[in-house]
1. Taking a ≥ b ≥ c as the square roots of the Cα gyration tensor eigenvalues, with a/c under 1.5 meaning rounded and otherwise prolate when a/b beats b/c, else oblate, which class fits the range 135-257?
2. Contour minus end-to-end for Arg307 and Arg247, with contour as 0.36 nm per residue of separation and end-to-end as the Cα-Cα distance?
3. Under the 0.36 nm per residue contour assumption, what length would be gained going from the current alpha-carbon distance of Arg222 and Arg331 to full extension?
4. Mind sorting Glu182, Glu324, Glu209 by how few other Cβ atoms lie within 10 Å of their own Cβ, fewest first?
5. Sort Cys64, Cys158, Cys335 by Cβ crowding within 10 Å, fewest neighbours at the top.
6. Among Asp155, Asp92, which comes first, then next, by fewest other beta-carbon atoms within 10 Å?
7. Which of the trypsin sites (Lys or Arg not before Pro) found in the range 137-243 are loop residues per DSSP with 11 or fewer other Cβ atoms within 10 Å of their Cβ?
8. With charges set only on the Cβ (+1 for Lys and Arg, -1 for Asp and Glu), what does the dipole of the range 52-169 come to about its Cα centre, in debye to the nearest 20?
Amino acid sequence: MAALLRRTSSPASLDDAAAPTAQHGAAGTPSPTARAQWLSLAEPCQGLRWRLQRWRSLLPTLVCPHRLHAQRCGHYASRTQPGPLQRGRFADLFDLRSGTQAVGYPFLYAQGVIDLLQARVLADLGVNARHLRLLRHRTRLLGADPARLGQALQDVDCRLARVVRVGPTEVAALLQTGIADEDGTLIAQIEDLFVVRELPVAYAVQADEDDLLRRAVSRMRRHAREIDAAAPGVRQRQLLVTTADGRRFAALAGGPLRLPRWPREGARWWRLRAPALAPMYLRHLVARELAEWGLDLGSLQMTFIGRVAAGQTLQLLQQGRAFELLDAQGRLLACGRI
């Protein structure tokens, strides 16, 4: 489970070690185990400063040699203040209609800070972001009110939980993030499972072995459609995803940097692929629809199966506690449960 920050002093400047943290065991009893390194991170609403800091955090994961050094990963934390400006930008991006103020949207307003903390952990891990893919995201709210995620002051921490080999040259890296209020009470636990591909075998074999997790990753990748759109009780919604919305989300919440790719051999140079949308943008987009349908989003899990390109019209299906996201041809792009 994600670490619960127990602050004993104010966060220090960038790269300074600071307050001890507590980590929850299975029974929920805190036990001091590690120290989080506090980072002074900019907010997305700070514009140029935040963009420069984001580049500084993400560039090492784009230019470094592709390696695996799990023992070097640090445990990082930062304080954030998602104020009215940040909440308003989320509302504008996701077109929150008037009269829906009472809807509990489980938006991660601290997503920009989470993105920077994860980039720092992944840089320590030594992997190159070109070979990195987010496979599964899970959010669990520790409380009935999703609005707590938009509180004025929060402490966010991120660490590497496990690295498990899932193929000859592939490993799965599980990152855990905790969001606590100013009193140190944990209000949200976040787990992100990344698949690291094309590692040198000498590094891949250094990861842990876990047959259960390896089979779980295989099932996620092979997941097929389960919801019949024509079945009774199935909710449906058409969602248009645009390049502009993807850029606006990156400006307020971060996401992986997408460098241009060369076209496939034999393709014309001007027939480049449409830019892919950040998986976390899809997570927030789906969360908006589920919340407006009145569903309880205290727990949200989403698996990203296919590439979602900007300019597509997607179909969201929901039945019971399950949902699926399809493209115009009916292919499964993402799925999840609440």
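Any read-out appearing in this document is the output of simple, stated calculations on the displayed coordinates, not a laboratory observation. What you see is a predicted model; the values in this text were computed from it and never measured. Every residue, glycine as well, gets a Cβ built from its backbone with ideal geometry; the counts of neighbours run over all protein chains shown.
1. oblate
2. The span from Arg307 to Arg247 would gain 19.9 nm if fully extended.
3. 38.0 nm
4. By the 10 Å Cβ count, ascending: Glu209, Glu182, Glu324.
5. With the sparsest Cβ surroundings first, the list reads Cys64, Cys335, Cys158.
6. Asp92, Asp155
7. Sparse-neighbourhood loop trypsin sites (Lys or Arg not before Pro): Arg222.
8. Roughly 460 debye, rounded to the nearest 20.
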